[in-house]
């Protein structure tokens, strides 16, 4: 039952993430007006807003104007729910579950928006930074945990991407903010794994797009999605990756 509860919460919050992904680039409030069809602007009822199930029952179309609904909506809901369940499996009902559930949801929003618009919005990164600072302070005050790894992680993430941006001019300033946030939430060791994976994922995606002639060698490519994916993988499996790597030196 615990897993089902976490799954449902993940689906519901995933539905809200879709609102953020759609409205933030449009510079609209994420709270008002209430949810409505993006094609006909008809206000959606309760039965239209059940995560995943409404999409399936409506066969991917608006109940009122019958225009197609993007497959993104159920996919984001499912992704967020699956990640919540994975986090619950790893951390149980702890402060870390709350901390990293908020973190991965913010990464989904930031990564999706960057992938769509090639722009990272301050409203998302500042929210993430504020959340990271709050959790770091709580961990230091209540749980007496050492916070320097998070402070150093944030600084290292910031500096690494800053240097790359300045030297190559191949990345955006928003990527600096994302890397800082990842270091603040993950700490130095897991940040290192996340950045490594992000560069591998981003480089592989770029090669595939160029080979398939979807992009040119000089075309701008969003790095935010790669950072988000690499960071989430590191969050879930980074400790095991580090232990496996260190085993070669023992």
statement: The lone condition residue 120 fails out of (1) surrounded by fewer than 18 Cβ atoms within 10 Å (Cβ to Cβ); (2) in the same structural domain as residue 191 (by TED's automatic domain parsing) is (1)
statement: Restricting attention to the range 39-48, the residues that are surrounded by 14 or more Cβ atoms within 10 Å (Cβ to Cβ) and part of a loop (DSSP other than H, G, I, E, B) number exactly 2
task: Could you please let me know if residue 86 is assigned by TED's automatic domain parsing to the domain that holds residue 19 and at negative phi?
output: yes
message: Exactly one condition in (1) in a helix (DSSP H, G or I); (2) touching a residue at least 40 places away in the same chain (Cβ under 8 Å); (3) surrounded by 13 or more Cβ atoms within 10 Å (Cβ to Cβ) is false for residue 51; which is it?
response: (1)
Given (1) more than 21 Å from the chain's Cα centre (by Cα); (2) over 22 Å from residue 117 (Cα atoms), number of the condition residue 39 does not satisfy: (2)
message: Can you report the number of residues in the range 89-119 which are in a helix (DSSP H, G or I) and within 19 Å of residue 132 (Cα to Cα)?
response: 18
- prompt: Which of the residues that make up the range 69-82 are over 17 Å from residue 35 (Cβ atoms) and either without any contact (Cβ under 8 Å) to a residue 24 or more places away in the chain or buried (at least 23 other Cβ atoms within 10 Å of the Cβ) (or both)?
  reply: 71, 75
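The values are calculated or read from the model by the stated rules, or taken from the named source; none is laboratory data. For clarity, every value in this text was computed on a predicted model and none was experimentally measured. We place every Cβ from the backbone using ideal geometry, glycine too, and count neighbours over all the protein chains shown.
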